[in-house]
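Colleague: Got a structure for you, written out below as structure tokens; questions coming shortly.
The values are calculated or read from the model by the stated rules, or taken from the named source; none is laboratory data. Since we're looking at a predicted model, the values are computed, not measured. Positions of Cβ are generated from backbone atoms using ideal geometry, with glycine treated the same way; all protein chains shown enter the neighbour counts. Note: areas computed on protein heavy atoms with side chains; ligands, DNA, RNA excluded. Shrake-Rupley method; radii C 1.70, N 1.55, O 1.52, S 1.80 Å.
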Amino acid sequence: MENGEWCGIVKKEEECWSLPIGYDCCEPNTKTAVYVDRDGEWGKVNGQWCGIVKTGNSTIATPTSTSTTTTTTSSTTTTTTTTTTTTTTTTTTTTTTTTTTTTTTTTTTTTTTTPEPTYCTVENWGQCGGIGYQGSTCCANENYYCKEFHPYYSQCVPNNQ
């Protein structure tokens, strides 16, 4: 009650929701979600999971991996043949040297892009969370975010609300 009138208690959006479950909050500039579950949007900082505090809309990361493999094979073959023939007045020496060097270098680069998850499907003003809710927790419109009104109901509302 405030000023003799009944009023609602609004949960501050900037609270760190991940602390009670044992994870730090991400830095305030972390807006890219690596994973979304019923608890919220998760980021990774220095290889550690952290909760993204909702202050507007965040985006879902599109994982990309690139690997490069270089294989170099070298082989060298050297053959030396020496023949000496001696006759009474003539000496003949024949030396044959054959060197074969083969170098093969193969470089293979593979880039794999994982498609962006499709869990941002809740339409404007649609339910996006709450205890017992089983659907998507991400708003389809980038100008909306999932706002918790109470533990049993969250709704996609404009970013300015």
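Colleague: Of all residues in region 20-40, count the ones that are part of a strand (DSSP E or B) and under 14 Å from the mean Cα position of the chain (by Cα).
Modeller: Number satisfying all stated conditions: 4.
Colleague: Scan region 93-125 residue by residue and report those that are modelled with pLDDT of 75 or more, assigned to a strand (DSSP E or B) and closer than 30 Å to Val36 by Cα.
Modeller: Val122 - this is the single residue of region 93-125 that is modelled with pLDDT of 75 or more, assigned to a strand (DSSP E or B) and closer than 30 Å to Val36 by Cα.
Colleague: Show the residue pairs meeting these rules: Cβ distance below 7 Å; 6+ apart or different chains; first residue within region 134-161 and within 16 Å of Glu41 (Cβ to Cβ) and part of a strand (DSSP E or B); second residue open to solvent by 30 Å² or more (accessible area, probe 1.4 Å) and of a type in the set (Val, Ile, Thr).
Modeller: Cys146/Thr137
Colleague: Give the residue, chosen from Trp49, Trp17, that is under 25 Å from Tyr133 (Cα atoms), modelled with pLDDT of 65 or more, touching a strand residue (DSSP E or B) at 6+ places or on another chain (Cβ under 7 Å) and not in a loop (DSSP other than H, G, I, E, B).
Modeller: Trp49
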